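The values are calculated or read from the model by the stated rules, or taken from the named source; none is laboratory data. Keep in mind that what you see is a predicted model, and the values were worked out from it rather than measured. When we count neighbours, we look across all protein chains shown, and the Cβ atoms used for this are built from the backbone with ideal geometry, even at glycine.
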Amino acid sequence: MAKIRNSKPKISSGGYLRLVGNERMANIFTKAQSANIRNGNELEQIIFNNIPKSNTITNIDEFIDDCKNGRVVNGFYFCDGKSIFNSKYRLGKHQPDILMFSISAVNTCCVVELKDGDDFDTKKSQSEKNSLIAITNHLQSLFGKIFEKIDYKICCFNQNDKTKVINGLKKRFTIDEVVTGKELCNMLGIDYEKIINERQNDATDNFNYIIEEMCNLDQLRTKVIEIQKNIVSHAEFY
């Protein structure tokens, strides 16, 4: 989970300032929004930090060449979006978050789109589906006969009910195209609960940070005192 206290957003257009009329409070909201946007990328990084280095592909071009020539030991291997973006296998604006490879008698590849949330509008849901299909078809044309099967999955990491995931994606995906966060971690061979706990610790820090920053606002302290006086007066009336 991205920490709000570490956010360094660019100067905003003033939307939050217009919304609340207080510059310091607007800054807190701006930092929170910046952290929320970063969450997806940070989740991907947390996941790859937990994957054993021996299973992590750092150079996808070399890995595919080694697969072609039978130089890869049987097992499971994983590649992140950054490595793909810097390779010859990139595909314009469509880039996968994770590529998973199973090397055995039958080589397979799975394209994974990783989401922090699980509720999208119809246009976004269809766009995600179209993107995954485009990536899969692109890789199929490039990898040729190296991989017998190339498919795709979408993972809404924090939702373990597949029915809710499918509904949140406006039924653009089937149950076979969806994996939960726990299932993904099992596929990657990493500890799901460890990641959840790590992110929960960051959420606690975010809560504490917002409370601390709000309490430093003179206007807020004045407002709290005013509310307390009103409560006391109301109680005395009765």
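Tabulated values for the structure
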read-out	value
Count - residues of the stretch 100-112 that are in contact (Cβ under 8 Å) with a residue 40 or more places away in the chain and crowded, with 18+ Cβ neighbours inside 10 Å	7
Residue within the stretch 48-60 that is more than 30 Å from ASN201 (Cα to Cα), touching a residue at least 24 places away in the same chain (Cβ under 8 Å) and of a type outside the set (D, E, K, R) present	yes
Residues (surrounded by 13 or more Cβ atoms within 10 Å (Cβ to Cβ), polar (S, T, N, Q) and farther than 20 Å from ASP205 by Cβ) located in the stretch 1-28	SER12, ASN22
Count of residues meeting criterion [more than 30 Å from SER54 (Cα to Cα) and either of a type in the set (Val, Ile, Thr) or within 16 Å of the chain's Cα centre (by Cα) (or both)] in the stretch 184-220	4
Test: residue in the stretch 48-61 that is surrounded by fewer than 13 Cβ atoms within 10 Å (Cβ to Cβ) and more than 25 Å from TYR192 (Cα to Cα)	no
Flag for LYS93 being in contact (Cβ under 8 Å) with a residue 60 or more places away in the chain, of a type in the set (D, E, K, R) and over 26 Å from ILE195 (Cβ atoms)	no
Meets criteria (surrounded by fewer than 14 Cβ atoms within 10 Å (Cβ to Cβ) and at pLDDT 95 or above) for ASP218	no
Residue, farthest from ALA105 (Cα to Cα), within the stretch 62-79, restricted to residues that are surrounded by 19 or more Cβ atoms within 10 Å (Cβ to Cβ) and in contact (Cβ under 8 Å) with a residue 40 or more places away in the chain	PHE78
Given (1) more than 27 Å from ILE46 (Cβ to Cβ); (2) exposed (fewer than 14 other Cβ atoms within 10 Å of the Cβ); (3) modelled with pLDDT of 95 or more, index of the condition ASN167 fails	(1)
Helices (runs of 4 or more DSSP H) enclosed by the stretch 155-238 - at least 1 residues per element that are touching a residue at least 60 places away in the same chain (Cβ under 8 Å) and among the hydroxyl-bearing types (Ser, Thr, Tyr)	192-215
Only one of LYS31, LYS115, LYS82 that is surrounded by fewer than 16 Cβ atoms within 10 Å (Cβ to Cβ) and either in the same structural domain as ASN167 (by TED's automatic domain parsing) or not hydroxyl-bearing (Ser, Thr, Tyr) (or both)	LYS82
